[in-house]
Every structure is written in C-alpha cells, then in structure tokens.
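Read-outs throughout are calculated quantities, based only on the coordinates presented, and are distinct from any laboratory measurement. Everything numeric in this text was worked out from a predicted model, so none of it was measured. Every residue, glycine among them, receives a Cβ derived from its backbone with ideal geometry; neighbour counts consider all protein chains shown.
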Ligand SMILES: Cc1cc2nc3c(=O)[nH]c(=O)nc-3n(C[C@H](O)[C@H](O)[C@H](O)COP(=O)(O)OP(=O)(O)OC[C@H]3O[C@@H](n4cnc5c(N)ncnc54)[C@H](O)[C@@H]3O)c2cc1C
Ligand code: SF4
C-alpha cells in the first residue's frame, strides 16, 4: 500500500492564491497592513503571465513608467522579498473549503508534500484561461501546430522555441497582434490575422504592427477548419455577414501553425465549487465594492474578477482586496446599511463591482458592447454624466464614483453609454 | 503620396493624414493637437520602434532572458538587429536592467533576470 502523503498544517490571516500581478500586489499590501499572509503559485516562478509578455506597455499608471511585463513583475517581486512576504512557488491549490466566516482551508500540493492551510480570509487571484480552438467552433484533423496565444508565447518568450514558420492567427485583439509581431520579428511568416468582427479588436498602437510587417488582416472572417497530416498544413477561412453568419465565400491558407487568440475567461472553477455566485457577463464572481464574493471573506482580484487589459488596474484590485481582507478580519465581516445594485444600461456589456455600499469611493470597471464615437456615459439615478470621445469593446473604461455620489442612489444605479 | 495613420499618442485615436512629396512633408491633416502632428511626421520620415526579443542563457532558472533596446531603432534596421540578437548567448547571472550587449551604439538591456 502507498503511504498517505503527510498533510502539514499551517495557519495564516490571509492566503493569496495566484502570484501574478494581482496576487503579488495583494500580498505586498496585506503585509504592509500587518497581516500574516501566505502567497501561493503553481508556476516555478512568480509574476503570472507577465514574465512572458516581453513587450513594453506595462505600468504607466502604477509605476509612472513604461515597463515590459518581466520588469513590472520583478519590481513587485522585489517589494515582496524586501517586506519578507512568505510565498511558495510550485504550489498548486487543489481545493478551498469554507467552514465559517473566519475559518477557511486552502489545500495545496508542492514538491514537499500536501499542505492544509487554515486562514481567516482568502484572496483569489488565479488569473484567466484561454479559449481553445474547439471552443470557437474550429473542426478538422487532430494535428500538431495548434496553439493558444499564451502557449505560443510561453514557448517563444520563456523557452526560446519558435513554434512554427508559417502562421495564421485567429483574433485581432492585443494578444493576437502582439503574437503576430513576435512571430514576424523571429523570422516566421505571418500569413494572416483573421478577425470575426468588422473592426480590429486591439489598441491602435498594436494594430500598427500589421502595417509594420505587411500582415494581411481579414475582418468579418473566421477560421472553421484545419487540415493536415500530423501537423497543420492548411486552414479554411470563411467570410461572415453582419449577423456573423457564415457566407458561402471561403478560401484556404497554407500554414503550419494556427494560433488562437480568442479571448480569456476568468478561472473560477474552485470558487464555483464552494458556491460563489458568478456573473455570466464578466465570467467572474459577483462582488461588492470590497471585491468580496458572495461567500464572506473570499475576495477576488485581477483577471479572475474580470478580464483586464491594463496590469495597473489588476494591481489596484489586488491592493483593494488586501485592504478589504484586513477590514473583514478586524470587524468579523463586511457590513453595510444598504447595497446599491449596479445595473447594465444601453451599450454596456459588462461591469463590476456589482454592489456598492456608499461607504467608500469606488472604481467601476466596464466594457461597452459596440464601438461608438462622441458618447456620454450616464448614471441617471445620481445625475452623473461624462463625455467620452470614443469607446471600444477592447478598452476597459474605469470610472471613479465618490461615496457621496453613490449615497444619492436608493437601490440601484444604471450605467449607460449613449450618443451625446 | 498620402499616408494615413491612427494616432497612437493618446486614446482619442485621431485619423491623421500626412502628404509627402520627394521626401518633403507638404501637409498634415486630421490631428487634434500638436503632439499628434509631430508623431505623424516622425512616423513617415523616420519610423522607429523599441525592439524586444529573448536570448538564450546558460545556468539560469529559465532557458532565456528577455531583452529590449534601450532606445527606439530605425524600422528598416530591425531585421539586421534581430540577426545580431539571434547570435547572442549569455551566462547567468543576469540582472534586470543589465546591459548585455551593444549594437551600432544601441544598448541591449535585459528585462528578465537569470
Ligand atoms: C499577451 C498579453 C499581453 C498583454 N499586454 C499588456 C500590456 O501591454 N499592458 C498591460 O498593462 N497589460 C497587458 N496585459 C494584461 C495583463 O498582463 C493581465 O491583465 C495581468 O497579467 C493579469 O494578472 P493576474 O494576476 O490577474 O493573472 P495572471 O498573471 O494570469 O496570474 C495568475 C497566477 O495564478 C496562478 N494560479 C492559477 N491557478 C492556480 C492554482 N490552482 N494554484 C496556484 N496558483 C494558481 C497562475 O500560475 C498564475 O501565475 C496583457 C496580457 C496578455 C495575455
Ligand atoms: S492627434 Fe492629439 S488628440 Fe488626436 S490622438 Fe493624437 S495625441 Fe490624441
């Protein structure tokens, strides 16, 4: 009989799950606030996806300086070490248990064994997962050479391996465009970027990559099929109409590699298991203005909360989650006289947080459904209006509401984006 | 010849057009502010980019370190620079911010340590 692995017991005020920017910022803040904190990450290194994002574009708000992903991560890691935050890498969280408000258990495995950690609060910052080819309806042969953008990025920018020579990229969001540049720079031929929507998904500065490297962009098109023997040899592309339905117009592109960059989904499986309520629009938990989920004492930040395009906001969410954990532990819970519900109005696809106390200022994070120009962002219940020259689904809008403004609402706030 | 750009200097993203003849700028339209005009002219006459890549490293926790150029490089020189970078090999320890090589007076800086 196999011996049972030894279960070691540990005890902390707060356990942070995930050592990306959200988790690192949370752990640093928690330590600064005097909490006894443990940070866990399943990778062999800290930083989450940042160490593989070697392009500049990180930290303009948070560090007031433009950094690459690894530089941003190393700054946070340095702070973490200076403060003596306890952390473990190669530590994979298997399960969370919620016994009572101040008694929770996190079970993780590491090369040294299985651990059971008792904790008062949990900050969940496990990031997001990528959509795979089969999730966006691509069929065909089971072949090598199909990667998600993140897999291709890890191969190239962590391990130094070029995944292929002739590449088709699905999705023109920032991630897809940045990968197009990486492949082109390393001498691969990027044969096309295929975008389902009638407009490119990424920021203008990243759309410029296509011009820099003469990469064709097919808007209103989708990849539907992959063929090859052992390895990708060609992919079938179909044009779609205004309703995104396939037209008969189709063609094949020869390529040995297909990279799927079709969006991220918050990783919330372990939260769902303990009954945390999920918002189908964000894909992340329903939270109050302390980023607390529907299970008291479980807080969430970063891409597990909602998909962020700026790491600065991710770090900001991590810090807030840590402050909230401190408040939760000190008061034995997060209380409010009332909770104002945040509702999605016209052209708002998703928004978080979902409930506001009016006891503190908050940042609302939202995305529109369609691009629009010359708009007004309005919250009729409190008479708030804000002019915006352009809004795009690719660019998250961050809106600050002051406590006094929130107090003016009785039960709900409706956020809408309408023509000015 | 007219060059069209979406300005990337601020989130407004104005559509700017630069009219050129024989390497001379004849006119710029579509910008809302002088910063956008300056950027567009630079983009037509002397486009430059910060370049990033990875370089193999021996004896580190990961097999590569990531690097970037300390300043933007003229666009037409990028393929040449990439060839230079492809030949580099480093040895741990490498620190973030360390200058690991120099190419035509441009410093190559490590952005991930090893
Ligand atoms: C290609 C790409 C380019 C980007 N470019 C920019 C940019 O230019 N500028 C910018 O500001 N932002 C950019 N972003 C966005 C930014 O990188 C992310 O928003 C940010 O990294 C999200 O941080 P996070 O901490 O929420 O998640 P992550 O960085 O994904 O970290 C989550 C961590 O949780 C760990 N984890 C997950 N499950 C477990 C478990 N069960 N047990 C233990 N650990 C676990 C993972 O190992 C991981 O380390 C980019 C993102 C991508 C993908
Ligand atoms: S021209 Fe000026 S206002 Fe317009 S996008 Fe460029 S920087 Fe912004």
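Could you tell me how many cubic angstrom of Cα convex hull volume segment A:348-415 has per residue?
Looking at segment A:348-415, the number lands at 76 Å³ per residue.
Classify segment A:7-82 as rounded, prolate or oblate, taking a ≥ b ≥ c as the square roots of the eigenvalues of its Cα gyration tensor: rounded when a/c is under 1.5, otherwise prolate if a/b is larger than b/c and oblate if not.
Oblate, since a/c reaches 1.5 and b/c is not below a/b.
Translational diffusion coefficient, Stokes-Einstein: compute it for segment B:7-114 using the Kirkwood radius over C-alpha pairs as Rh, at 37 °C and 0.692 mPa s, and state it as an integer in µm² s⁻¹.
For these conditions, the coefficient is 205 µm²/s.
Diagonalise the Cα gyration tensor of segment B:2-46 and give the resulting equivalent ellipsoid semi-axes, square root of 5 times each eigenvalue, largest first, whole Å.
Semi-axes (√(5λ), whole Å): 17, 9, 8.
Under the definition of Cα pairs under 8 Å and six or more residues apart, what whole-number percent is the relative contact order of segment A:1-149?
About 29 percent, as a whole number.
Which parts of segment A:376-398 would a label at residue A:343 reach, counting a residue when its backbone N lies under 13 Å from a point 7 Å out along Cα-to-Cβ?
A:379-382, by backbone N distance to the label point.
Relative to 2.2 N^0.38 Å, what does the C-alpha radius of gyration of chain A come to as a ratio? Two decimals please.
Compared with the compact-globule rule of thumb, chain A sits at 1.03.
Looking at segment B:52-110 from every direction and averaging, what is the projected area of its Cα convex hull in nm²?
3.7
Starting from a Cα-only point model with no solvent, please compute log10 I(q)/I(0) by Debye for segment A:289-404 at q = 0.12, 0.13, 0.17, 0.23 1/Å.
Rounded to two decimals, the profile gives -0.45, -0.53, -0.89, -1.45.
Which value in nm describes the separation of the simple spin-label points at residue A:63 and residue A:246, placed 7 Å from the Cα toward the beta carbon?
4.6
Once both labels are modelled 7 Å past Cα along the beta-carbon direction, what's the residue A:135-residue B:25 spacing in nm?
4.5
If the convex hull of the alpha-carbon atoms of segment A:265-333 is projected onto planes in all directions, what is the mean projected area in square nanometres?
4.4
Taking the beta-carbon count within 10 Å as an exposure proxy, list A:251, A:72, A:108 from fewest neighbours to most.
The order, fewest Cβ neighbours first, is A:251, A:108, A:72.
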